[in-house]
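One structure is given here, and the rest of the page talks about it.
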Amino acid sequence: MALAVGVYNESVPKYSIVVPFHNEQESVTELYDKLKAVMELNAESFELVFVDDGSRDMTFDLLQQIAAVDSRVVVIKLRRNFGQTSALAAGFDHAEGEYIIAMDGDLLHDPGYIRVFIAKLREGFDIVSGWRKDRVDNLWLRRIPSRCANWLMARLSGVNLHDFGTTFKAYRSELLDQVPLYGELHRFIPALASWYGASIVEIPIKNIVRPQGASHYGISRTLRVFFDLITIRFLLKYMTRPLHFFGLFGMGGIFTGSLIALGLMVDKLVYHVNVVDEHGPLLVMGSVMIVAGVQLLALGLLGDLQVRHFHEPAAGLPYRVAKVIRSEEGEESEVSE
């Protein structure tokens, strides 16, 4: 994302609307008309960043036609279908606005709410998140799994949102520069941003039945989201101290394995029991737990070393300077480093 530096450049838009499309030819033109009408009423500069995520229909052709007649439209064509998170990341990287608003391209999000998002941004919030308070989609396949997932996300991330899944959100652009996106992490941007101290507010938005076309989401997405949730939990709690995570399990394995080994040693030395014949599986289990515990400790230590290398600016230098003395205009001055 490009940010204005120094003198304000009027060519830099105030707002960027990022919309990923995948086989959405039925909604492209209508969504563009609605977005243009809403943003022109706002009376501030804007751009529309449309991302074609490997569509196989006429989506890209329609986007090209729109960009040819409206210079405020930026079209990004991805080489293949990379998924919604990657498409959003591409849009964020090419957006130049001070504020970025993301939404879906299937007309499920009413562009009229953008004015409410902008009002909240002006109040000073870093992230404004939509909340589909009264959902109208399938109860068993969408609403119940979504409610359970959102509850779990809120508990594990520590961010009290009702709806992590919606794409309809607004951000300050400098905040997005600090949040890497991959997998299905676009829904976790508020959780990741909270680690940097971002202020977040949630506003109810209307949830409507998809007017045309078919949904690209299914129940199979739940498993991917669950794995990303584990990743988010680890990143938020142990990103700067991985040894605290791996070390806990490592010490547990070493302690348990050592107790097993001690018990077998007593049997061998005191009661002269043939340990291999009598307790072979237990001996193997104790040995494996000790080895696995040492490996987990080593893994955590390597992770801590990586964290230190990342945070220490002079990590690559083979020396450390205690003091530098320079002579300026005939006078000596000392500079400590």
Peptide ranges 70-81, 192-203, 98-109, 51-62 listed from the most packed, as the mean C-beta count within 10 angstrom indicates: 98-109, 51-62, 192-203, 70-81
Kindly provide log₁₀ I(q)/I(0) values, in the same order as q = 0.19 Å⁻¹, from the Debye equation applied to equal alpha-carbon scatterers of the range 97-174. -0.90
Rounded to the nearest 0.05, what FRET efficiency do Ile325 and His244 have when you use their Cβ-Cβ distance and R0 = 41 Å? 0.45
At q = 0.15, 0.19 Å⁻¹, base-10 log of I(q)/I(0) for the range 32-139 (Debye sum, equal scatterers on each alpha carbon): -0.73, -1.15
Using packing as a proxy for protection, rank 22-29, 273-280, 152-159 so that the peptide with the highest average count of other Cβ atoms within 10 Å comes first. 22-29, 152-159, 273-280
Exceeding 23 Å between C-alpha atoms, which entries from my cross-link table qualify? They are Lys120/Lys237; Lys34/Lys169; Lys36/Lys77; Lys133/Lys169; Lys120/Lys206; Lys77/Lys206. Lys120/Lys237; Lys77/Lys206
Measuring with a 1.4 Å probe in the full set of protein chains, what accessible area per residue, in whole Å², belongs to the range 23-111? 44
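The values are calculated or read from the model by the stated rules, or taken from the named source; none is laboratory data. Computed from a predicted structure; not experimentally measured. Positions of Cβ are backbone-derived with ideal geometry, glycine not excepted, and every protein chain shown enters the neighbour counts. Accessible surface is based on the protein model in full, side chains and every heavy atom, while ligands, DNA and RNA are left aside. Shrake-Rupley method; radii C 1.70, N 1.55, O 1.52, S 1.80 Å.
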